[in-house]
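A short write-up of the structure that comes next.
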Amino acid sequence: MTDTRFTVLDDTRRHPDLAERIGQILRQVAPTVTEITGLPLPAEVRFRLLTPKAWQEETRQHLLRIFARDIADLDLIPAEIGGARLGLRIASFKPVLLWPLVPATTQEAADAQWETTTIPQSLRHCGVLSDEHFLVQVVAHELVHHLQAEATGGTVWTSLFLPKRGILAPPKSVSTMLEGHATWAEQQTLQRLFGTAADFREGPKSWRYRLHNGTPGLRRLGPSRDAYVQGSRLIAQAVAELGTHLVNQVWKDPTLLPAKGEIADPAAWICRIGRGLARA
């Protein structure tokens, strides 16, 4: 942990105090997050504060980099490439519509370094800045995604063609594991640091957040709330029965990802991965 460099960049040049607060929180929560998850920190953890326009472009470029890597690595037919291009054109509208609802996003940057990008205005719209615990919650959650990236060798199953990369679990299972694990760890961290959990999702929101959130169909463009709620419950039960060491084998072996039916049936998933790891 002492070898990890925490970097918080204020690309907006308007929020140095917030950048300093996030840096302080990172150093505060990192030892607890690593102890709870049993996962090591990468050499660098980088957060960036962006304007809405810059965040939208960075999110778009992230998807284009994934697509370019898929084309380079995989044997794709023209129909698959064309279908992916169409999907990316549609997906390019998502950041424009969703940014007031997203407090932070962790993804691979142009230099192959994983980083968390956040928009100060989004933090305000989401109510994260109204309570220090909420900001700690978001920072801890995104820090877990950095640990996940380190544990999987840097990819965190990023591909537009997951089955071609040997990841046969449905997309819902992947998002449930990633977000459920981060949500479970974030709540455990808050309990240890403050003696009580907090959830900015239940906190006060701006009028713009409420307006966007109430737009029919808009919420379906982002991760399902079930990925956080069911996923957190799944991880909590698995850790209680198997321990973090065994659960963390999932990051090395995607065949251990929960099947669609196992998301709502943690006992079935625990039984399956427990048997598989026992044989190994």
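A short reminder: the numbers here are calculations on the coordinates, not readings from a lab. Since the model is a prediction, treat every value here as computed from it, not as a measurement. As a convention, Cβ positions derive from the backbone with ideal geometry for all residues, glycine included, and neighbour counts pool all protein chains shown.
If only the Cβ of Lys and Arg carry +1 and only the Cβ of Asp and Glu carry -1, the dipole of the chain around its Cα centre is close to 800 debye.
When the helices of the chain are scored as -39500 (n - 2.57) per DSSP H run of n ≥ 4 and the total is divided over every residue, the value at 222 nm lands at -18000 deg cm²/dmol. Partners of Lys252 within straight-line reach, counting aspartates and glutamates whose Cα lies under 18 Å from its Cα and excluding those fewer than 8 residues away in the same chain: Glu150, Glu179.
Expressed per residue, the C-alpha convex hull volume of the chain stands at 137 Å³.
A straight chain from Asp253 to Asp75 at 0.36 nm per residue would run longer than the Cα-Cα distance by 61.8 nm. The length gained by stretching the chain between Ser92 and Arg5 to full extension, at 0.36 nm per residue less their Cα-Cα distance, is 28.1 nm. Here the spin labels are modelled as points 7 Å beyond Cα on the Cα-Cβ line, and at Thr51 and Asp131 they lie 3.3 nm apart. In plain terms, the chain from Leu64 to Val229 could stretch by 56.4 nm, reckoned as 0.36 nm per residue minus the Cα-Cα distance.
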